[in-house]
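Peer 1: Sharing a structure here in structure tokens format.
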Amino acid sequence: MTIQVRKGGAWREITGAKVYANSAWRTVVAIRIYKGGAWRLVGNYTPPPGGSGSPMTLTANVGGSGDSDFASANSSTITSDSILATPSGGHAPYSYAWARVSGYASISFDAPGSAVTTVTATGVGLGATQTAVVQCTCTDSLGVTATSNTVSISFTHESGA
């Protein structure tokens, strides 16, 4: 959406807008009007690149330190350590979507819509190791998306049932 202001008898496009709210300057990202008893969206405003929050990047780490995890258990159901997706830039609030990229298909995410999740593999055979590669896609409040690096998780069924 282009925002224009009338100045000196002519309409001029502005490249950024800020309002002072809650004791801080904040970038305008949407304009709404109150009409017919309800707030209605006029349009979203995407600040030009280089403004606060652009571009957005996303990293994912296991336990806050790396991009791989080695999970083991004495059963065929094995849960990884926590994986954290950390956005940089963009405009909060963010939404998250974790997905399997490749590898072992019998996995699930305990919190697929959260910044922090664990991955559980089921049906891992006794003495076997299965590997799954996962990553996260983050969407900011303006609809801008970023995809994280991949995280590789090896699930080992050590002994037991």
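The values are calculated or read from the model by the stated rules, or taken from the named source; none is laboratory data. Keep in mind that this is a model prediction, so the values were computed, not measured. Neighbour counts are summed over all protein chains in view; Cβ atoms, including those assigned to glycine, are modelled from backbone coordinates with ideal geometry.
Peer 1: Can you tell me which of A146, A128 is over 28 Å from T27 (Cβ atoms) and at pLDDT below 95?
Peer 2: A128
Peer 1: Of all residues in the range 130-153, which are in a strand (DSSP E or B) and farther than 17 Å from F109 by Cβ?
Peer 2: Residues satisfying the conditions are T145, A146.
Peer 1: Taking the range 95-118, which residues are surrounded by 17 or more Cβ atoms within 10 Å (Cβ to Cβ) and in a loop (DSSP other than H, G, I, E, B)?
Peer 2: Once the filter is applied, which keeps residues that are surrounded by 17 or more Cβ atoms within 10 Å (Cβ to Cβ) and in a loop (DSSP other than H, G, I, E, B), the range 95-118 yields Y104, A115, T118.
Peer 1: What number goes with the only condition from (1) outside any strand (DSSP E or B); (2) modelled with pLDDT of 75 or more that G53 does not pass?
Peer 2: Among (1) outside any strand (DSSP E or B); (2) modelled with pLDDT of 75 or more, the lone unmet condition for G53 is (2).
Peer 1: Every residue in the range 99-119 that is over 12 Å from I83 (Cβ atoms) and polar (S, T, N, Q), please.
Peer 2: Listed by number, the residues that qualify are S102, S106, S108.
Peer 1: Also, I was wondering about something else. Against the condition closer than 19 Å to S82 by Cα and among the aliphatic types (A, V, I, L, M), how does V124 come out, does it pass?
Peer 2: no
Peer 1: If V124 satisfies all but one of (1) among the aliphatic types (A, V, I, L, M); (2) assigned to a strand (DSSP E or B); (3) more than 20 Å from T59 (Cα to Cα), what's the number of the condition it fails?
Peer 2: Result: V124 passes all but (2).
Peer 1: Something else about it: Out of D69, D81, I need the residue that is part of a loop (DSSP other than H, G, I, E, B), among the acidic types (D, E), touching a residue at least 12 places away in the same chain (Cβ under 8 Å) and outside the structural domain of W25 (by TED's automatic domain parsing). Which one?
Peer 2: Residue meeting the stated conditions: D81.
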